[in-house]
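Report on the following structure.
The values are calculated or read from the model by the stated rules, or taken from the named source; none is laboratory data. If you're wondering where the values come from, they're calculated on a predicted model, not measured in any experiment. Positions of Cβ are generated from backbone atoms using ideal geometry, with glycine treated the same way; all protein chains shown enter the neighbour counts. When the accessible area is computed, the model is the full protein with side chains, heavy atoms only, and any ligands, DNA or RNA have been set aside. Shrake-Rupley method; radii C 1.70, N 1.55, O 1.52, S 1.80 Å.
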Amino acid sequence: MKISRRNFIISSGGAVAAALGIMSAAPFSNWVRPLTAEGEESEKIVYTFHPPNCGGRCSFKCTVRKGKLVKIEPNEWPDSNQKKICLRGLSEVERVYSPDRLKTPLKRIGERGEGKFAAISWDEALRAVADKLTELKGKYGAKSILWSSSTGVQYPMNSLAALLGAQLCTPYNFGIDMSQTSGQAIVAGGSFPCSTHEITDWVNSNLVLLVGNNLLETSLTDAAFFFEAKEKGAKIVCIDPVFSTTAAKSDQWISLRPGTDSALYLGMINLILTNKWYDQEYVRNYTSAPFLIREDTKAVLRNDARQYLVWDKNSKSAVPADTPGILPELEGEFTIGGIKVKTILTGFTEHANQYTPVWASEVTEIPEQVIRDLTREYALGGPATIQWGLGGPDKWYHSDTTGRLATMLASLTGNIGRVGGGVGNATEHGASWSRVVKMGDWTLPPEFEAAPPEAPLSDNVTGKTSVKAFFFQGNLLHQLFPDYNAAQKWANSLEFIAVVDSQHCDSVNFADIVLPACSSFESEYETAYLTNERNHILLQQKVIEPLFESKSDFQIEKELAQRLGVDQYLPKTPEDFARAKLNSPDPSLKGITLENLKASKCVMRLNVPNEPYRHYMNHKFATESTRLELYNEVFLADNCAFPVWEEPNEATPVSPLYQKYPLMFGTPHARFRAHSTFSNARWILQLNTEPLVRINPVDAQARGIQDKDFVEVFNDRGSFQCRCQVVNDMRPGMVQLSEGWWSRYFKKGDLQELTNPNKNPRGKKLPFGPIVAFLDTLVEVKKAEG
Ligand SMILES: Nc1nc2c(c(=O)[nH]1)N[C@H]1C(S)=C(S)[C@@H](COP(=O)(O)OP(=O)(O)OC[C@H]3O[C@@H](n4cnc5c(=O)[nH]c(N)nc54)[C@H](O)[C@@H]3O)O[C@H]1N2
Ligand SMILES: Nc1nc2c(c(=O)[nH]1)N[C@H]1C(S)=C(S)[C@@H](COP(=O)(O)OP(=O)(O)OC[C@H]3O[C@@H](n4cnc5c(=O)[nH]c(N)nc54)[C@H](O)[C@@H]3O)O[C@H]1N2
Ligand code: SF4
Ligand SMILES: [Mo]
């Protein structure tokens, strides 16, 4: 039965009822009965949490009737602000039973990528994996096995990687989401991601700058905090080449040429330095501004004891920066022992002279007056916070500089360590007390350790690493490798691939052996996994029995380990694992036990203050100087000790490719999915039916393209075909299609074929490593033939 959108709305009171109504024509009908059946012995309520990497982790109240999941509702939280759910969560009632579920272990019988498999028994599958891994380990060494898992996987089989000595690639080695954070760590120090203030602190800000951050679609569980801040008077400014959902709800939208956020920041820094809009006392005390740069070597001047020197106004001499009672000069040039030096602030001001607001306006295509007004408001109207997205400005060849500059802006204006200030990524619960709790862990004997990755995950395609086999949980090959054709070629060259997933996602097609995992609602064990998010500890429980022949990741790891003879080192049950995580002296965990969690509907608040979490309030920074560093010698050889403007690697009019491929290709995150997860959720596909590549009317007209035409999007790396959507909310010169669509929804090809694999060599010096520049991509579009 096909239901029109109108019928869909008329025939139902709410999304769940509607969806269930539709399903009444489907085989599920016998388990969707009126709720009067409540109280029947066969019905029970189970609490759990939802794990996809949407930035959420909502707590769920699930109704199970006769062993089937029939209803999902938001659970109550101790902190009622957190009680949330979204359409994707509700849609799990259908997706859990999806025809795309992997039902049995599979053995590949066709070519890699072809998707031809034969069902085999668990014993055969596990034996095949264990034998192959043992063989390759013997032949090439354990490092030849690459081990990894998609984001959102609650039980990465990292222990088994360690027991084997395989190369373990964690999200820190993916080259995503940490690019600006790397830049931030260079200025502010530390290896701590997302070092900013909890979003609930925005109510204390006068200005919130959302830079390429579409939180109203990508951090749905934070939407209420956005509106609360706005109601309390924070001015919200959204900087985005697209009039996004978030831009539409902000107080001001500033459109810019994609990939030019650094130029905007440099223009702002120019204005702040030349107008002396910086916070003098803050800059003197907490930043490297008064330190001295040697004219000869460009190094920062230090004494023999490696102490940083400043010019003391009182004694008119160079003294260590932390000498009590001194008044460090912020600006000026001096000669010390025959060496000419100038303060970092003076050097920075001279450096920034080239980045005038007129220049910034030309590069970013933001009107000059807008840059001037924004800068004045940011510098003088604080507290203000810069909140970057992990999609927009983070996935470019030079995104580290973008994060560095944002952090320097906050440093100059005293917005780090100030209530209502901050810089970083608070959305997707990036900043909360949860991030600083020291959880316990399951420990293995010290002789077992996974090997560190030889390269960032996607660099393996160069063939220069020793990898011969790839074992992963999830959709890595499709999601985390740019230039999908090159990734496939590499995958085809490997001796062995095993994939563990609950759904038949694209990466599964490359596996030699496929192991069917449970969904997050299923387990062999009453207690599944535990997580620490949003200032709470959440527990995942068995809601229903494993469907088909699926097994939990825990069970798969255990049974594989048995065949490899190392299972004695693993926890016996997931409950042991959860208890190990709670076994920590951290006072925030006091009183939080599995028993208490179960009695508390699987969600307990950490023992943490009610105040929003705020990083750096003590103004102690984990840099070498313990200050915010405005000049980074580590980049002297790269000619960017002070950050410089660099055009994007590919997506710029100055690229030689631009003549052939004049459109910048954005792949934002969709509210309908978490990456590729929910691509196949049939309830959601009724609202978001197919990939529609977005194109501006100017570019569409120039190519004779009309709304809903089938188009081909292509570059030298690959192509895809799907329908287009002609839209007015996006600048000309770019096209956009949300990432994560499974290949089968395209008429031909896949968007991931087009994305840019080039990596900035500077990336090797970054605290979180090289960056995958997904957005730094040029394409052309034409009407598809046929
Ligand atoms: N619904 C949903 N939520 C998610 C996810 C999901 O897949 N679906 N994924 C989660 C994860 S892991 C991540 S990393 C985050 C990502 O979440 P976001 O950071 O919000 O990422 P995007 O939606 O990719 O991009 C945000 C905005 O950046 C704009 N943009 C593109 N290029 C530029 C640029 O050069 N400069 C600027 N200023 N803006 C630009 C885009 O138009 C877009 O509106 O979302 C998380 N939340
Ligand atoms: N072009 C482009 N590509 C991008 C991005 C972009 O902006 N543009 N964004 C990137 C970003 S920021 C991110 S974070 C990544 C996300 O990419 P991934 O980390 O791969 O996340 P998903 O696409 O959600 O895929 C999760 C897969 O794991 C499976 N899975 C989920 N839970 C479990 C579990 O518990 N056990 C097992 N065995 N399997 C499970 C799901 O069924 C699904 O197939 O995508 C990246 N790719
Ligand atoms: S998909 Fe994310 S936001 Fe939606 S219910 Fe699940 S955890 Fe919550
Ligand atoms: Mo991400």
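Things worth noting here:
- When the range 645-669 is filtered for residues that are open to solvent by 20 Å² or more (accessible area, probe 1.4 Å) and either outside any helix (DSSP H, G or I) or within 16 Å of ligand 4 (Cβ to nearest atom) (or both), the ones remaining, listed by number, are TRP645, GLU646, GLU647, ASN649, PRO653, VAL654, LYS660, PRO662, PRO668, HIS669.
- Among the residues listed as ALA622, ALA517, ALA578, the single one being among the small types (Gly, Ala, Ser) and open to solvent by 40 Å² or more (accessible area, probe 1.4 Å): ALA622
- Residue in the range 478-487 that is within 22 Å of TYR155 (Cβ to Cβ), part of a helix (DSSP H, G or I) and open to solvent by 10 Å² or more (accessible area, probe 1.4 Å) present: yes
- Matching residues, the range 670-696, being touching an Asp or Glu at 6+ places or on another chain (Cβ under 8 Å) and more than 16 Å from ligand 4 (Cβ to nearest atom): ASN680, ALA681, ARG682, TRP683
- Residue in the range 604-614 that is within 25 Å of PRO383 (Cβ to Cβ), more than 16 Å from ligand 2 (Cβ to nearest atom) and without any contact (Cβ under 8 Å) to a residue 12 or more places away in the chain present: yes
- Breaking point among (1) assigned to a loop (DSSP other than H, G, I, E, B); (2) touching a Pro at 6+ places or on another chain (Cβ under 8 Å); (3) open to solvent by 30 Å² or more (accessible area, probe 1.4 Å), for VAL698: (1)
- For the range 200-217, the set of residues classified as open to solvent by 10 Å² or more (accessible area, probe 1.4 Å), in a helix (DSSP H, G or I) and not hydroxyl-bearing (Ser, Thr, Tyr) consists of VAL203, ASN204, LEU216, GLU217, listed by residue number.
- Selection of the range 208-234 for residues being away from ligand 2 (no atom under 16 Å from the Cβ) and more than 17 Å from GLU198 (Cα to Cα) yields GLU231, GLY233.
- Selection count, the range 55-65, where residues are of a type outside the set (Lys, Arg), within 11 Å of ligand 3 (Cβ to nearest atom) and closer than 16 Å to SER519 by Cα: 3
- Number of the exception - SER148 against (1) part of a loop (DSSP other than H, G, I, E, B); (2) at pLDDT 95 or above; (3) touching a Cys at 6+ places or on another chain (Cβ under 9 Å): (1)
- Subset of the range 218-235 [within 14 Å of ligand 1 (Cβ to nearest atom) and either in a helix (DSSP H, G or I) or touching a Leu at 6+ places or on another chain (Cβ under 9 Å) (or both)]: THR218, LEU220, THR221, ASP222, ALA223, PHE226
- From LEU126, LEU168, residue being surrounded by 19 or more Cβ atoms within 10 Å (Cβ to Cβ), touching a strand residue (DSSP E or B) at 6+ places or on another chain (Cβ under 7 Å) and in contact (Cβ under 8 Å) with a residue 12 or more places away in the chain: LEU168
- Just so you know, in the range 303-327 the residues that are hydrophobic (A, V, I, L, M, F, W, C) and outside any strand (DSSP E or B) include one that is least open to solvent (accessible area, probe 1.4 Å), and it is ALA321.
- Of the residues examined, GLN725 is one that is in a strand (DSSP E or B) and polar (S, T, N, Q).
- Filter result for LEU330 (in a strand (DSSP E or B) and either modelled with pLDDT of 95 or more or surrounded by 13 or more Cβ atoms within 10 Å (Cβ to Cβ) (or both)): no
- Count of the range 153-165 residues, restricted to those that are farther than 16 Å from ASP567 by Cα and surrounded by fewer than 21 Cβ atoms within 10 Å (Cβ to Cβ), is 1.
- Check on ASP707, acidic (Asp, Glu), more than 16 Å from ligand 3 (Cβ to nearest atom) and over 25 Å from the mean Cα position of the chain (by Cα): yes
- For the range 108-141, a tally of residues being assigned to a strand (DSSP E or B) and out of contact with any Asp or Glu (no Cβ under 7 Å at 6 or more places or on another chain) returns 3.
- Considering only residues in the range 520-549 that are outside any strand (DSSP E or B) and open to solvent by less than 10 Å² (accessible area, probe 1.4 Å), the one that is nearest to GLU449 (Cα to Cα) turns out to be SER523.
- Subset tally (residues that are under 14 Å from LEU87 (Cα atoms), touching a helix residue (DSSP H, G or I) at 6+ places or on another chain (Cβ under 7 Å) and within 16 Å of ligand 2 (Cβ to nearest atom)) for the range 55-76: 3
- Qualifying residue in the range 95-105 (condition: open to solvent by 40 Å² or more (accessible area, probe 1.4 Å) and either outside any helix (DSSP H, G or I) or within 16 Å of ligand 4 (Cβ to nearest atom) (or both)): yes
- Output for the range 417-436, where each listed residue is in a helix (DSSP H, G or I), more than 16 Å from ligand 3 (Cβ to nearest atom) and either open to solvent by less than 10 Å² (accessible area, probe 1.4 Å) or among the hydrophobic types (A, V, I, L, M, F, W, C) (or both): TRP433, VAL436
- Number of residues in the range 241-275 that are assigned to a helix (DSSP H, G or I) and hydrophobic (A, V, I, L, M, F, W, C) equals 10.
- Apart from one condition, GLU76 fits all of (1) open to solvent by less than 40 Å² (accessible area, probe 1.4 Å); (2) touching a residue at least 40 places away in the same chain (Cβ under 8 Å); (3) away from ligand 3 (no atom under 14 Å from the Cβ); (4) among the charged types (D, E, K, R); the exception is (1).
- Restricting PHE642, PHE672 to residues that are open to solvent by 10 Å² or more (accessible area, probe 1.4 Å), within 16 Å of ligand 3 (Cβ to nearest atom), in a loop (DSSP other than H, G, I, E, B) and on the phi < 0 side of the Ramachandran plot narrows the list to PHE672.
- You will find that of VAL500, VAL461, the residue that is in a helix (DSSP H, G or I) and either open to solvent by 20 Å² or more (accessible area, probe 1.4 Å) or in contact with a strand residue (DSSP E or B) (Cβ under 8 Å, 6 or more places away or on another chain) (or both) is VAL461 and no other.
- Among (1) over 23 Å from GLY421 (Cβ atoms); (2) touching a helix residue (DSSP H, G or I) at 6+ places or on another chain (Cβ under 9 Å); (3) crowded, with 17+ Cβ neighbours inside 10 Å, the one test that VAL634 misses: (3)
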